[in-house]
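These notes are about the structure you will find just below.
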Amino acid sequence: MFIVLLKFSENKAKAAEFMSGHNDWLGRGFSDGVFLLAGSLKPSLGGGILAYNTTRAELERRVNEDPFVTQGIVEPDILEITPSRAGDQLGFLLG
């Protein structure tokens, strides 16, 4: 399982221009069963994604296709977690 942090760079002002492409990219991640959750980092720092059902190499490739990444709007940071405990709602992540 992975946490992807997409932290705004100095090019943050270009985000609105590429938001549609970024949202399409997010939609593909959810459709492909890789993204479980996505949202904003507060206060206005960028975004975060919870990803699973993928390898680090595949996720890195996917993240590098995000228009926000290709345009230098965000700097990605991928954190890998090996789950060892989970609440009942998230037990499927332990498998």
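All Cα-Cα distances of the chain, cut into 5 Å bins from zero to the largest, leave 3, 13, 24, 25, 17, 10, 5, 3, 0 percent in each bin in turn. Could you list the trypsin sites (Lys or Arg not before Pro) in the chain that lie in coil according to DSSP, counting only those with at most 10 other Cβ atoms within 10 Å of their Cβ? Taking the chain and a limit of 10 other Cβ atoms within 10 Å, the loop trypsin sites (Lys or Arg not before Pro) found are Arg85. Placing +1 on the Cβ of every Lys and Arg and -1 on the Cβ of every Asp and Glu, with nothing else charged, gives the chain a dipole about its Cα centre of roughly 180 debye. Sites count as exposed loop sites when they are GluC sites (Glu not before Pro), lie in a DSSP loop, and have at most 13 other Cβ atoms within 10 angstrom; the longest stretch of the chain without one is 11-64. With the simple spin-label model, which puts each label point 7 Å out from Cα in the Cβ direction, the Leu41 to Ala13 separation comes to 2.1 nm. In the chain, taking the dipole from charged Cβ atoms about the Cα centre, the farthest positive-side position among Ile78, Leu41, Gly21 is held by Leu41.
Each reported figure results from applying straightforward, stated rules to the coordinates on display, with no laboratory input. Being a predicted model, the structure only gives us computed values, none of them experimental. We place every Cβ from the backbone using ideal geometry, glycine too, and count neighbours over all the protein chains shown.
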